[in-house]
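Here's the structure we're looking at; comments come further down.
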Amino acid sequence: MAAPLALLLIVAVTIRAALFRTSLANLISERVEVVSPLNAWKRVVEGLALLDLDISPYSGDVFHETPMVIYLFHFLMDYAEITFMGAGVKFSSLHLVSQFRKQKFALEADRIPMDCLELIRSPTEMYYIPLKVAMFYLLNPFTIVSCVAKCTCGLNNAVIALFILSTMRGSALLSAIFLALATYQSIYPLTLCVPALLYLLQRLYIPVNVRRSSFWFYTLQYLFMFLGSLLVLICLSFFLLGSWDFLPAVYGFILSVPDLTPNIGLFWYFFAEMFDHFRLFFLCVFQINVFFYTLPLSIKLKEHPVFLIFMQIALIAIFKSYPTVGDLSLYMAFLPVWNHLYRFLRNIFLVSCVLLACSALFPVLWHLWIYAGSANSNFYYAITLLFSVAQILLVSDYFYAFLRREHHLTNGLYLKKKDGSEATLVLK
Amino acid sequence: IANSYNRPTLIQLQNTREEEEEQQTTAQQEEQTKRWEATELEEEHVHDAAVPPLAGDPPAADPPSPPPSKDDFQEELVIRPLHSGDIYASFQFRTVWDADFMGDQKVSHYRLFPKSLGQVITKFSVRELHISFTQGYWRTMQWGQPYLPSPPGAELWVWFQDTVTDVDGTWKELTNVLSGIFCASLNFIDSTNTVQPSASFKPLGIGNVTDHSFLRYATLPREIVCTENLTPWKKLLPCGSKAGLSVLLKSEKLFHSTFHSQAVHVRPVCQDPQCRTTSMELRQTLNVVFDLHTSGQGKREWSLFKMFSRTLTEACPLASSSKVYVDVTDNPQGEQFELSPATPLLTQAVVLGDRRTYSVYDLTQQASFGSSRSLNMLLRWKMLRPLLHSERYVAGYGLQAGEIHTLIYNHHPYRAFPVLLLSAVPWYLRLYIHTLTVSSKGKDNRPSYIHYQPSKDRERPHLLEMLLQLPPNSVTEVTVEFERALLKWTEYTPDPNHGFYVGSSVISALVPSVVAMDTNSTLDRPLFSSFFPCKEEASYFMRVYTEPLLVNLPTPDFSMPYNVICLTCTVVAVGYGSLYNLLTRTFQVDEPSPGLAKRIANVIRRFRGVPLL
């Protein structure tokens, strides 16, 4: 296990190091698909330059990173490349360990079935999953591109991975701290609070029961740790900067979407073309949409918090206001964990084709619009729409497959009708 | 009496001198003043006056008939910038032939002299022939005197030999023949428009003829000159329009001018200073005035290519002399304008009573054409360079990013001075201050003071103020990168693809005074005031504005807000719908529901009390 992993790490680092040295790095770091106004490296450098000029980086509308990031890079400026590489590698190694935990969990969960041995993953199969996850993350072109562009979403991904790892290990404090860090970086990981709590409760065999005081005690404890560390982080930022300017500049910027620079998400063109008096309404609708799925999903998936984490991360990546391909790569790294759902996926081929085609068409249509002038913004917009639809189909397909597998685990794989003929499953 | 025809004399004094050799010794100068060059017709008049006995001689009287009939061809172009800003170009092609048309032996072998004209001269016993075609009127008030004046329309005047008996008949016949040669309506000349001037039109060649019965003069003011007159005129030239100066004579440019005049002058001239023998001289002239001021976007620069859309590549191989003269009288020290390629050859000439200075290009020498094998004379007006000026432009391509370049010039030869540069850039061009570079003379020039206020979206623009030290005689380049924002569709101007303007940068400076540049200014000042440089005089305040910038921004499609709202909401609804579907429904075994007919049948059966199907 260690040897292939080491090989993988060497390959991944070599690819990144090689790309950093080529002229491609500059080209990639300008791509709107890879960097957003929120996490572009150019803007981090600008923020540092402003800090050097004794100007608050938040007095302008260029810098939107959190104060911790700017001070981190203030000291690590010379080692920026290494930092980003480290973040990627760290992510993979962390994920690796986390997968061991997940395996065990899966084994336990699969003790239930009666006649559907086919659905249970063999231990050998499970043995390679962590490696596969690491490979999916480290060798994913989206991750590589994002890392070469020095997009700070790599750091966010690493923080979220640390959060998942500490949750799997059952350390509530670390989990809460890392979740607070992730939330502090970009608001959306807030919704991961619920699956983490569910997982920790499950680990301690505390049933989710509103009437039980132990449930409330543990929930309040976790929330207190989470909110406490978030408060500490925010206050720390305040003391670093000496002003609250960063709150509107970071969180206001994420929520109110003033920068309409094109990206792979749904927000930019929608709000560029929006009528002014409907703007606030649709802004609320679109932002609530990201957080909205948390409650119903946690009710539906309260037995499966790991899958819930995956669903949440994916939905955030699709519906957040400034998505980049780095966010995509985070939830795509989870896909090998669900390879036992493969037989229930309905349109994985179509979706993969669409995702690949869109990834190729992004730069082409961008060039036609911005440089050649032979196409207009609608072309690029159409591709972002298609890309979003493909992601939605991918996620809902996995959700469907997961639910169907659960159904088969309880009811048997080969269902029969009352009259003995083969039955078909439908959603009702 | 010949002197009564008192035209100003044109005497050329060729004064070859190098630019460096300003102080020539007087001996050299005297030697060069002796090199008088008589090329113009008036020069002969001087000789006429000097040798009066010969002037009266009949040309046929003493022909020693030199065995080889010598002929010679010269071409010349004079360019004179007029005070109105127009350019006057005057071509002269001169063919001199030692043949005697009036002699006993018939002239039949033509070399340089055009045969068609020679035959006409022989047949009609013409002593002198002057014909001119002119389009436009020479504005003497604005342009001064032309070298060769001519009236608008066609003008023809002819001195016949005194052997002609029926002058009117010959005149009539001659006009018809000339009409054919020049493709002009000269056949409309008849007795109604022909006069015999008694005093005005003396012969321009040798011969002191007083009997004006041999003179006929006619004008056709309505005659319109165009390409069909130019072509036969060009055919009379030895080189045609193939080589030499005549390659410049392209009708599409020549007739796109304010004044155009072409003429043919045939007259007998002396062969040598003693005037023992005469030769026939054919002088073809073409004068044209170009209005380059309006066609050249208000610039006073001119070049051969701009005027004629051709450049000179060689002299006519048959020409013994081929020269271009440019009038540089108004530019004695070379500070007004600059002529390129520079020529060391200068000529002074008294023309029309005025001493003028000319730059001379000798086309017979290969050196005139330089390495590019073509001569395109170019006159550039020198600009008075201010001590401080600036330029600004946007670099880069595409609609994503760009770079603002500001160039600040310090033309002071030895003083550096500080300037304050202020630029306010709208928020939709997002400046990146970390990309700010200031360099002069290829070196990094750190501003000693920077005030930067970043922009706030839709609230305030970028403000960048810098204190820069400009090294002497240098260009300081300030560059800063920016990114173009995509705006909301209502924030665009009604013509969004025209672009967005960025206001001028302001450069404020204390510029060292030009007086202070002059180190010899102690002459008329008291000595006590001039020991230490005086602060008040040493510099003065100056403010320079750069050009505003026009920057294109990426634009959304303004025609489809509804479509975009619908499509994006559909995608969100697809996400919501598919999740809602999976969240609210459960998997069930599909029990196919009975068909409509079966259900209706069951309802009826229930009424009847029959068991259901």
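Among the listed residues B:Ser455, B:Ser448, B:Ser368, which satisfies the condition of being over 17 Å from B:Ala509 (Cα atoms) and open to solvent by 20 Å² or more (accessible area, probe 1.4 Å)? Give the derivation first.
On the way: B:Ser455 fails: open to solvent by 20 Å² or more (accessible area, probe 1.4 Å); B:Ser448 fails: over 17 Å from B:Ala509 (Cα atoms).
After applying the criteria, what remains is B:Ser368.
Kindly check whether there is at least one residue in the range B:188-211 that is of a type outside the set (A, V, I, L, M, F, W, C), open to solvent by 20 Å² or more (accessible area, probe 1.4 Å) and part of a helix (DSSP H, G or I). No, there is no match, as no residue in the range B:188-211 is of a type outside the set (A, V, I, L, M, F, W, C), open to solvent by 20 Å² or more (accessible area, probe 1.4 Å) and part of a helix (DSSP H, G or I).
Restricting attention to the range A:297-319, the residues being open to solvent by 20 Å² or more (accessible area, probe 1.4 Å), within 13 Å of chain B (Cβ to nearest Cβ) and either part of a loop (DSSP other than H, G, I, E, B) or modelled with pLDDT under 90 (or both) number 1.
Consider A:Ile112 carefully, then state whether it is away from every other protein chain (no Cβ under 13 Å), over 21 Å from A:Thr324 (Cβ atoms), surrounded by fewer than 19 Cβ atoms within 10 Å (Cβ to Cβ) and modelled with pLDDT of 55 or more.
no
Figure legend. Inter-residue proximity from the range A:380-392: first residues within 9 Å of A:Phe362 (Cα to Cα), second residues in a helix (DSSP H, G or I), beta-carbon distance below 7 Å, spacing 6+ or different chains. Indicated pairs: A:Tyr380/A:Leu365; A:Tyr380/A:Trp366; A:Tyr380/A:Trp369; A:Ile383/A:Cys358; A:Ile383/A:Leu361; A:Ile383/A:Phe362; A:Ile383/A:Leu365. For beta carbons closer than 9 Å, sequence separation of 6+ or different chains, a first residue in the range B:381-409 that is within 30 Å of B:His83 (Cβ to Cβ) and assigned to a strand (DSSP E or B) and a second that is at pLDDT 90 or above and of a type outside the set (A, V, I, L, M), the qualifying pairs are B:His389/B:Tyr409.
Of the helices (runs of 4 or more DSSP H) lying entirely inside the range A:1-60, those carrying at least 3 residues that are surrounded by fewer than 23 Cβ atoms within 10 Å (Cβ to Cβ) and touching a strand residue (DSSP E or B) at 6+ places or on another chain (Cβ under 7 Å) are A:41-52. Scanning the range B:255-279 for residues that are open to solvent by 30 Å² or more (accessible area, probe 1.4 Å) and among the small types (Gly, Ala, Ser) yields a single hit, B:Ser257. State whether one or more residues within the range A:402-412 are touching a Cys at 6+ places or on another chain (Cβ under 7 Å), touching a residue at least 24 places away in the same chain (Cβ under 8 Å) and more than 10 Å from chain B (Cβ to nearest Cβ). Yes: one or more hits. Among the residues of this structure, B:Asn187 does not count as one that is over 16 Å from B:Arg222 (Cα atoms) and out of contact with any strand residue (DSSP E or B) (no Cβ under 6 Å at 6 or more places or on another chain).
Restricting A:Leu330, A:Leu385 to those that are in a helix (DSSP H, G or I), within 11 Å of chain B (Cβ to nearest Cβ) and under 25 Å from A:Ser186 (Cα atoms) reduces the list to A:Leu385. The residue that is farthest from B:Phe133 (Cα to Cα), counting only those in the range B:238-281 that are in a loop (DSSP other than H, G, I, E, B) and basic (Lys, Arg), is B:Arg276. Taking every residue in the range B:583-608 that is within 25 Å of A:Asn411 (Cβ to Cβ) and pairing it with any residue that is β-branched (Val, Ile, Thr) and open to solvent by 90 Å² or more (accessible area, probe 1.4 Å), at least 6 positions away or on another chain, the pairs with Cβ-Cβ distances below 9 Å are B:Leu583/A:Ile299. Where helices (runs of 4 or more DSSP H) sit wholly within the range A:205-276, those with at least 1 residues that are within 16 Å of A:Thr183 (Cβ to Cβ) occupy A:213-241, A:253-256.
What residue, among those in the range A:413-428 that are under 33 Å from the mean Cα position of the chain (by Cα) and open to solvent by less than 80 Å² (accessible area, probe 1.4 Å), is farthest from the other protein chains (Cβ to nearest Cβ)?
Pass one, the range A:413-428, residues under 33 Å from the mean Cα position of the chain (by Cα): A:413, A:425-428.
From the residues that got through so far, the ones that are open to solvent by less than 80 Å² (accessible area, probe 1.4 Å) too are A:413, A:425-427.
Values: A:Leu413: 13, A:Leu425: 5, A:Val426: 5, A:Leu427: 4 Å.
My answer is A:Leu413.
Scanning the range B:158-182 for residues being touching a Phe, Trp or Tyr at 6+ places or on another chain (Cβ under 9 Å) and in a loop (DSSP other than H, G, I, E, B) gives a total of 3.
Here A:Leu341 fulfils each of the conditions (1) open to solvent by 10 Å² or more (accessible area, probe 1.4 Å); (2) in contact with a Lys or Arg (Cβ under 8 Å, 6 or more places away or on another chain); (3) of a type in the set (A, V, I, L, M) apart from (1).
Results for (1) more than 7 Å from chain A (Cβ to nearest Cβ); (2) surrounded by 15 or more Cβ atoms within 10 Å (Cβ to Cβ); (3) under 24 Å from A:Ala390 (Cα atoms), shown as yes or no for each residue.
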| position | (1), (2), (3) |
| --- | --- |
| B:Pro548 | yes, no, no |
| B:Tyr562 | yes, no, yes |
| B:Cys569 | yes, yes, yes |
| B:Val572 | no, yes, yes |
| B:Ser578 | no, yes, yes |
| B:Thr584 | yes, no, yes |
| B:Asp590 | no, no, no |
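This table checks each residue for (1) in contact with a Ser or Thr (Cβ under 9 Å, 6 or more places away or on another chain); (2) part of a loop (DSSP other than H, G, I, E, B); (3) crowded, with 18+ Cβ neighbours inside 10 Å.
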position: B:Pro317; (1), (2), (3): no, yes, no
position: B:Lys323; (1), (2), (3): yes, no, yes
position: B:Asn331; (1), (2), (3): yes, yes, yes
position: B:Ala342; (1), (2), (3): yes, yes, no
position: B:Gln348; (1), (2), (3): yes, no, no
position: B:Arg356; (1), (2), (3): yes, no, yes
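Which one of B:Glu301, B:Glu228, B:Glu252 is more than 21 Å from B:Val120 (Cβ to Cβ), out of contact with any Asp or Glu (no Cβ under 9 Å at 6 or more places or on another chain) and open to solvent by 50 Å² or more (accessible area, probe 1.4 Å)? Give the steps one after another, and end with the answer.
Numbers: B:Glu301 fails: open to solvent by 50 Å² or more (accessible area, probe 1.4 Å); B:Glu228 fails: more than 21 Å from B:Val120 (Cβ to Cβ).
Result of the check over B:Glu301, B:Glu228, B:Glu252: B:Glu252.
Which ones in the range B:481-501 are farther than 25 Å from B:Pro561 by Cα, more than 10 Å from every other protein chain (Cβ to nearest Cβ) and open to solvent by 10 Å² or more (accessible area, probe 1.4 Å)? Steps first, please.
Looking only at the range B:481-501, we keep the residues that are farther than 25 Å from B:Pro561 by Cα, and these are B:481-482, B:501.
Subsequent filtering for residues that are more than 10 Å from every other protein chain (Cβ to nearest Cβ) retains B:482, B:501.
Scanning the range B:481-501 gives a single hit, B:Tyr501.
Per-residue answers, yes or no, for (1) over 19 Å from A:Val159 (Cα atoms); (2) open to solvent by less than 30 Å² (accessible area, probe 1.4 Å):
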| residue | (1), (2) |
| --- | --- |
| A:Phe178 | no, no |
| A:Leu192 | no, yes |
| A:Pro195 | no, yes |
| A:Leu204 | yes, no |
| A:Arg211 | yes, no |
| A:Phe226 | no, yes |
| A:Leu236 | no, no |
| A:Ser256 | yes, no |
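Of all residues in the range B:58-98, which are part of a loop (DSSP other than H, G, I, E, B), surrounded by fewer than 21 Cβ atoms within 10 Å (Cβ to Cβ) and at pLDDT 75 or above?
Here is the first cut: in the range B:58-98, the ones part of a loop (DSSP other than H, G, I, E, B) are B:58-70, B:82-86, B:98.
So of that shortlist, the ones also surrounded by fewer than 21 Cβ atoms within 10 Å (Cβ to Cβ) come out as B:58, B:60-70, B:82-85, B:98.
Once the filter is applied, which keeps residues that are part of a loop (DSSP other than H, G, I, E, B), surrounded by fewer than 21 Cβ atoms within 10 Å (Cβ to Cβ) and at pLDDT 75 or above, the range B:58-98 yields B:Lys70, B:Leu82, B:His83, B:Ser84, B:Gly85, B:Asp98.
The residue that is modelled with the lowest pLDDT, counting only those in the range B:521-535 that are in a helix (DSSP H, G or I) and over 22 Å from B:Leu467 (Cβ atoms), is B:Ser529.
The values are calculated or read from the model by the stated rules, or taken from the named source; none is laboratory data. Just so it is clear, the structure is predicted and the values come from calculations on it, not from any experiment. Note: ideal-geometry Cβ built from the backbone for every residue, glycine included; neighbour counts use all protein chains shown. Note: areas computed on protein heavy atoms with side chains; ligands, DNA, RNA excluded. Shrake-Rupley method; radii C 1.70, N 1.55, O 1.52, S 1.80 Å.
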